[in-house]
Amino acid sequence: MTAPHSRSLTEDGVSAKTAAALRAAMQRLFDGKPQHTDGRLTKENLWREAQVSRATMNRATAILSAWDSHIAEHGTITPGEALRDDEITRLRRKLAEKTSECTLLNMRLEAAATAIAALHHDNTQLRQELSAIDDRVIPLRPAARRTRT
């Protein structure tokens, strides 16, 4: 005589309804479209996503084998996490480029400020020298005398 509940178990080790819920939850998690969890590819999220108990999920050995195979082959990063990681990498690269550009521009700005300060100093010194000399204009060559005809 068999136990009454053993007749309703599938080859997955759980009822057909539970197996369907676990497989659907697994697919949603793999597709990055969770309904009941944060979408991380963990066994905790699998049983929560399927809305079954941990013990029930642990009895579904064939489904857990499929889960483990997929995780071994594809890793635990969801499509959304992969996109996020790619975006972070792109933004970090862009930030590094902008930081380098800012450093170069700051160096140029400092060089320009130094040159402007030196020119200002020279200009001030020339103005002081100009004010110290006589205000008369002295021609460099004497003007040639004009002859009247």
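The values are calculated or read from the model by the stated rules, or taken from the named source; none is laboratory data. Only a predicted model underlies this, so the values are computations on that prediction, with no experimental measurement involved. All Cβ positions, glycine included, derive from the backbone under ideal geometry; neighbour counts span all protein chains shown. Areas reflect the complete protein model, heavy atoms only, side chains present, ligands, DNA and RNA absent. Shrake-Rupley method; radii C 1.70, N 1.55, O 1.52, S 1.80 Å.
Surface calculation, 1.4 Å probe, protein heavy atoms: SER131 sits at approximately 90 Å² accessible.
Give me the accessible area per residue for the chain, probe 1.4 Å, as a whole number in Å².
Numbers: 12090 Å² over 149 residues.
Counting only protein heavy atoms, the per-residue value for the chain is 81 Å².
Protection proxy ranking, highest mean first, for peptides 91-100, 54-63: 54-63, 91-100, where packing is the per-residue count of other beta-carbon atoms within 10 Å, averaged.
When the helices in the chain are scored as -39500 (n - 2.57) per DSSP H run of 4 or longer and the sum is shared across all residues, what 222 nm value do you end up with, to the nearest 500 deg cm²/dmol?
-22500 deg cm²/dmol
Computed over the alpha-carbon atoms, the chain gives an Rg to Rh ratio of 1.79, Rh here being the Kirkwood radius from the mean inverse distance. Applying a length cut-off of 15 Å (Cα extent along the axis) and a mean Kyte-Doolittle floor of 0.0 to the DSSP H helices of the chain leaves 16-31, 61-74. Share of carbon and sulfur in the accessible area of the chain stands at 57%, probe radius 1.4 Å. Taking the Cα centre of the chain as origin and assigning +1 to Lys and Arg Cβ atoms and -1 to Asp and Glu Cβ atoms, the resulting dipole is close to 720 debye.
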